[in-house]
Amino acid sequence: MSLRDLPSVDRLMQLEAVEGLVAAFGRSLTVEAVRESLKAAREAVRSGQVAPQPTELVSQTRARLETWLAPTLRPLINATGVIIHTNLGRAPLSQAARQAIQDVAAGYSSLEFDLPHGRRGNRDEHCEQLLLRLTGAEAALVVNNNAAAVLLALTGLARRKEVLVSRTQLIEIGGGFRIPDILKQSGAKLVEVGTTNRTHLRDYRSAISERTALILLAHHSNFKIIGFAAEPELAELVELGREHELPVLHDLGSGSLLDTRAYGLGAEPRVQDSVRAGAALTAFSGDKLLGGPQAGILVGERVLIGQLRRHPMARAVRADKLCLAALSATLLHYIREEAETHIPVWTMIAAAPADLSRRAQRWQARLGLGEVIEGRSTVGGGSLPEETLPTWLLSVDVPHPSELARRLRELDPPIIGRIADDRLVLDPRTVLPDEEEPLLAGLAAALEGPGGTAR
């Protein structure tokens, strides 16, 4: 077949199968895909290959259309054992939070409408009272993430002024969030105090000037300083700030409301402890240890929160109705003292090793392969660095574990495990109960491929 034997665009568009593509994908996009298929066919003929038949061209066109329109943001099964996995969407939401999103997304809502008085309302009210009840703060403000919360606080309170930060806290976390860069963007001047491993209260005291506007205490996030190291406690900085009428901004990051020590983990500072210690403002995330949607939350003194609420930047970083609905539902779990049983992050953290062992053994029995071994799960999300939890893993030994991992990623839903000691391992701690059947079916299907047979 020569080039002139290939059908034209118009001829292909008249085929009944292509008319079906038009109905499914729209005419303009289908025409573009047909042209791309014909272009590839002409290149194939020029290189000496056999030209595709019209039916094959239609199949190629459908494949192009499906590829072009395939969603890239997809639900998947996290079997890595990393609970707050930044790359996999961080905290999964509770059933109540998901339902709250669906309820307000389906139609109109009282986002900024005062129902009792029939007038314009304020979106901040939907979460504020819950946050005040949980933390003991005077006021609260919700924005779209914690980086925005810190940036808003620095911009609103310290622009063209100085902010004191310990050199031990000039951190960079995932996504390139760096304390020095955020300070520069806010228009505030960074004043470094102390050394990279030891900072004393006297370092802060000697750095205070008439231009100082704020003391920033930043959570170390995903690293630890060990050995010959020292930093002042929050309460000490608060007292120093009061002496000089300087507010302390405590960037907690992870936003835990529960005591992590009760679950065999190290101590993670809690939001209410920060408020109780006297921080003027405390900033934290909604989608880390809080276990809710992506959000940045500021709690603290009424005057300062009011100042930030009126700042022009507040509108640029405000949270939308879906975030506020999910966050409210998440906070209610804490109010009702049911976080451990209803919020997935805390259900996973609280999971008993014996229960995880039984789940892994059940997987092994269903598949008839693999080995159940001891392992460690990770909290993740910049929280509790180097802290792990005991777990049990299903270990699958195949000739090419990376190939099996690839096939698992290509499933619907994709399954994400991890490779350890040249084996693919799956951790039940981060697999939700209703994901077990898809996980087992997907793993069985992936093992049927070339090189997938377990040794």
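Only the coordinates and a few stated rules stand behind these numbers; no lab work does. It should be emphasised that the depicted structure is a prediction, and the values quoted were computed from it without experimental measurement. Here Cβ is always computed from backbone atoms with ideal geometry, including for glycine, and neighbour counts include all displayed protein chains.
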Item to complete: Classify the stretch 249-340 as rounded, prolate or oblate from the Cα gyration tensor: take a ≥ b ≥ c as the square roots of its eigenvalues, call it rounded if a/c is under 1.5, otherwise prolate when a/b beats b/c and oblate if not.
Response: oblate
Worksheet item: Once a ≥ b ≥ c are taken as the square roots of the eigenvalues of the Cα gyration tensor of the stretch 3-69, is the result rounded (a/c under 1.5), prolate (a/b larger than b/c) or oblate (a/b not larger than b/c)?
Response: prolate
Discussion item. Counting other C-beta atoms within 10 Å, and keeping those with at most 12, which DSSP coil GluC sites (Glu not before Pro) do you find in the stretch 204-270?
Written reply: Glu210, Glu233, Glu245
Item to complete: Mind pulling up the Rg/Rh value for the stretch 151-245? Radius of gyration and Kirkwood radius, both on Cα.
Response: 0.95
Discussion item. If you build the convex hull over the alpha carbons only and average its shadow over all orientations, what do you get for the stretch 93-342? Give it in nm² to one decimal.
Written reply: 14.1
Item to complete: Hey, can you grab everything whose amide H is under 5 Å from the amide H of Arg418? Only 5+ residues off in sequence or another chain; H modelled, so Pro and N-termini drop out.
Response: Val425
Response to the item:
Interchain or sequence-distant (5+) residues whose placed amide H lies within less than 5 Å of the amide H of Thr391 are Gly375, Arg376, Ser377
Worksheet entry | Cα gyration tensor of the stretch 38-101 - equivalent ellipsoid semi-axes, whole Å, descending | 44, 15, 8
Discussion item. Please report, in whole Å³, the volume per residue of the convex hull around the C-alpha atoms of the chain.
Written reply: 211
Practice prompt. Rounded to whole Hz and in sequence order, give me ³J(HN,Hα) for the stretch 381-390 from the Karplus expression 6.51 cos²θ - 1.76 cosθ + 1.60, θ = phi - 60°, writing x for Gly and Pro.
Written response: x, x, 10, 6, x, 6, 8, 10, 10, x
Worksheet item: Can you give the alpha-carbon Rg of the stretch 59-203 over 2.2 N^0.38 Å, where N counts its residues?
Response: 1.51
Practice prompt. Starting from the amide H of Arg198, placed 1.01 Å from N in the peptide plane, find each other amide H under 5 Å away whose residue is 5 or more places distant or on another chain.
Written response: Ala230
Worksheet item: Looking at the stretch 220-269, which chymotrypsin sites (Phe, Trp or Tyr not before Pro) are DSSP coil and have at most 10 other C-beta atoms within 10 Å of their C-beta?
Response: Phe228
Item to complete: First check a/c for the stretch 314-401, with a ≥ b ≥ c the square roots of the eigenvalues of its C-alpha gyration tensor; if it is under 1.5, answer rounded, and if not, answer prolate when a/b is larger than b/c or oblate otherwise.
Response: prolate
